[in-house]
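None of the figures in this text is laboratory data; all of them are computed from the coordinates on show. None of these values were measured; they are calculated from a predicted model. Here the Cβ positions follow ideal geometry from the backbone for every residue, glycine too, while neighbour counts run over all protein chains shown.
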Amino acid sequence: ASNAVPMFPSLVADDDPSEFAQELAAGLRARPRQVSPKFFYDATGSALFDQICELPEYYPTRTELAILQEHAADMAGLIGANAEIIEYGAGASRKVRLLLDALERPQRFVPIDISGEHLHASAAVLRADYPALDVRPVVADFTRPVALPPRLPGHGRRVGFFPGSSIGNFDPAEARRFLRLLAGQLRGGGLLIGTDLVKDPLTLHAAYNDAAGVTAAFNRNLLVRANRELDAGFRVNDFAHYAFYNPQQQRIEMHLVSRCAQQVRIADERFDFAAGDAIHTENSYKFTVEGFQALAAEVGFRARASWFDAQRWFCMHWLEA
Ligand code: AVJ
């Protein structure tokens with residue numbers, strides 16, 4: 001992390017505890033109070049997110065996997081042979097493997113992630129499983145311009161891969177800015193991107209209010225992390241997990257609402273909560289197919305194909321750059 005206070009705080013978290021302290025303090029000073037969801041993903045938060053992906057109510061992960069399983073051959077056909085795949089924020093490699101397995105002679109795989117440890121470990125496993133693939137992890141914040149390894153003669157198209165509806169965490173202006181960056185990076189190639197779709201609000205509500213309470217634990221883990229790393233003193237169990245669908249903005253909002261008056265301290269600054277005071281911790285935007293295609297077109301992509309599950313709950317788009 002740099003010393004300067006960035007004009008646009010990044011959408012990807014560094015491991016630097018002072019970044020967390022500064023952004024958390026700024027977010028608690030603000031009204032409404034807010035914290036970026038990028039801080040959910042410490043080791044505990046990442047494990048909780050993996051658990052969320054297995055929940056019966058949380059359909060996006062299994063639905064997108066099913067779309068990839070069913071249509072990877074189609075996707076590979078549109079992408080063509082000898083492709084170079086750039087993954088933005090490399091998570092579990094399960095999804096990209098479905099794509100790699102379908103592609104004709106994929107040349108290179110460039111996973112970009114801020115967490116070097118995680119990235120190099122999964123790169124080693126991929127190298128072992130795909131000996132012909134040039135695996136080139138880049139440790140970086142993928143929401144910022146990054147230098148990619150130069151392309152070699154014989155390389156096919158450069159294709160971005162951004163699954164999971166991670167784009168849903170960006171507000172519309174941030175999404176536009178990020179997609180514009182990708183359109184530039186992927187010029188001549190394209191982007192395969194997963195988007196969760198607008199649907200029955202009760203289905204959306206249930207996905208973020210699971211019966212087992214895993215999403216609640218994931219949300220509260222932000223405070224657990226602040227207590228551990230910053231000694232903030234949140235009374236974690238006195239915060240309610242409150243998640244709901246906002247149909248006007250077409251997004252799930254997650255909040256943490258204090259049930260009692262309490263005070264916390266971050267870097268020697270005191271923050272007061274009255275009973276009922278809330279911290280806004282996440283937005284998860286949902287899209288219509290037409291709405292997302294229009295957004296993509298605004299920044300220079302051409303929507304060429306889209307694939308769905310039978311219920312039309314999730315969509316994978318192929319956008320040419
Ligand atoms: C990782 C941002 C796609 O918005 O569904 C899951 C995160 N938050 N449950 C999502 C999340 C609560 C997830 N994304």
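Each label was represented as a point 7 Å from its Cα along the Cα-to-Cβ direction; for His120 and Ala267 these points are 2.9 nm apart. So what's the net charge close to Asp309: Lys and Arg +1, Asp and Glu -1, counting the other residues with Cβ under 10 Å from its Cβ? Local net charge: 0.
A simple rule links phi to the HN-Hα coupling: the Karplus curve 6.51 cos²θ - 1.76 cosθ + 1.60 with θ = phi - 60°, which for the range 289-303 gives 4, 5, x, 5, 5, 5, 4, 5, 5, 4, 9, x, 8, 10, 6 Hz, with x for Gly and Pro.
For the range 185-198, the Karplus equation 6.51 cos²θ - 1.76 cosθ + 1.60, evaluated at θ = phi - 60°, returns couplings of 5, 9, 3, x, x, x, 9, 9, 9, x, 10, 6, 9, 4 Hz by residue, with Gly and Pro reported as x.
Given their separation in residues at 0.36 nm each and the Cα-Cα distance between them, Leu202 and Asp14 gain 64.2 nm when the chain is fully extended. From least to most packed, judged by other beta carbons within 10 angstrom and beginning with the fewest, Glu253, Glu84, Glu298 follow the order Glu298, Glu253, Glu84. A simple rule links phi to the HN-Hα coupling: the Karplus curve 6.51 cos²θ - 1.76 cosθ + 1.60 with θ = phi - 60°, which for the range 37-47 gives x, 4, 7, 5, 9, 7, 4, 5, x, 5, 5 Hz, with x for Gly and Pro. Taking amide H positions as modeled 1.01 Å from N, with prolines and chain starts lacking one, no residue 5 or more places away or on another chain lies under 5 Å from His155. Once you sort the root eigenvalues of the Cα gyration tensor of the chain as a ≥ b ≥ c, which label holds: rounded (a/c under 1.5), prolate (a/b larger than b/c) or oblate (the other case)? Judged from the Cα gyration tensor, the chain comes out prolate (a/c at least 1.5, a/b above b/c).
In terms of other Cβ atoms within 10 Å, Cys53, Cys260, Cys315 run from fewest to most in the order Cys260, Cys53, Cys315. Note on the range 221-270: the C-alpha convex hull projects to 4.3 nm² when averaged across all orientations.
Its DSSP H runs of at least 4 residues, each contributing -39,500 (n - 2.57), put the calculated 222 nm mean residue ellipticity of the chain at -11500 deg cm²/dmol, to the nearest 500. Proximity of backbone amide H atoms, modeled 1.01 Å from N, is registered between Val135 and Phe109 at under 5 Å, excluding neighbours fewer than 5 places apart on the same chain. Starting from the Cα gyration tensor of the range 182-245, take the square roots of the eigenvalues, sort them a ≥ b ≥ c, and report rounded, prolate or oblate (rounded when a/c is under 1.5, otherwise prolate if a/b is larger than b/c, else oblate). Taking the square roots of the gyration eigenvalues as a ≥ b ≥ c, the range 182-245 is oblate.
Close amide H pairs (under 5 Å, H built 1.01 Å from N) link Phe239 with Arg259, residues at least 5 positions away or on another chain.
Cα centroid distance between the range 282-313 and the range 54-77, in Å? So the separation of the two Cα centres works out to 15 Å. Anisotropy class assigned to the range 41-171 is oblate, per the alpha carbon gyration tensor with a/c at or over the 1.5 cut-off and a/b no larger than b/c.
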